[in-house]
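Let me begin by presenting the structure, written as structure tokens, before commenting on it.
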Amino acid sequence: QVQLVESGGGSVQPGGSLRLSCAASGILFRIYSMGWYRQAPGKQRELVATIASGDRTTYADSVKGRFTISRDNAKNTVYLQMNSLKPEDTAAYYCNANRIGMNHWGKGTLVTVSS
């Protein structure tokens, strides 16, 4: 059974930082491309960042220079370090594991950026 469990969400003031974690089980983690997506109220889910099995990363333009995705294959965990947070970063953040023909999602963790 595949499980992706996100943690690290919370409330933070603008300019603050948070680190999200996603612990994976039930998959051969090291061969999967991992990603973070987010969905704000009333909006569609959007890509935030991805990291391939070979550690190549991609970022949405809106988070470039502020967010960093990384992975620890020994711990089956992917991280999202979020710095210089803005109110528009407020959303539910979802972890994704993707490989050809297979796509898995976590249940999400909420990030609120507000003064």
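The values are calculated or read from the model by the stated rules, or taken from the named source; none is laboratory data. Predicted model only: the values in this text are computed from it and were never measured. Ideal geometry is used to build each Cβ from the backbone, glycine not excepted, and the neighbour counts take in all protein chains shown. Note: accessible area is taken over every heavy atom of the protein model, side chains too, but ligands, DNA and RNA are not part of it. Shrake-Rupley method; radii C 1.70, N 1.55, O 1.52, S 1.80 Å.
Find the accessible area per residue for the chain; the probe is 1.4 Å, ligands and nucleic acids are left out, and the unit is Å². Write out the running numbers ahead of the final one.
Numbers: 6260 Å² over 115 residues.
With the other protein chains kept in place, the chain gives 54 Å² per residue.
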* Asked: With all protein chains present, how much of the accessible area of the chain (probe radius 1.4 Å) comes from carbon and sulfur, to the nearest whole percent?
  -> 46
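With Cβ to Cβ distances under 14 Å as the rule, what net charge do the other residues near residue 60 carry (K, R +1; D, E -1)?
Neighbourhood net charge equals +2.
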* Asked: Taking Cα pairs under 8 Å and at least six residues apart, what relative contact order does the chain come out at, in percent?
  -> 36
* **Cross-link partners of residue 107 among lysines (Cα-Cα below 19 Å; sequence separation of 8 or more within a chain)** => 43
* Which of 82, 102 is most accessible, then next, and so on - probe 1.4 Å -> 102, 82
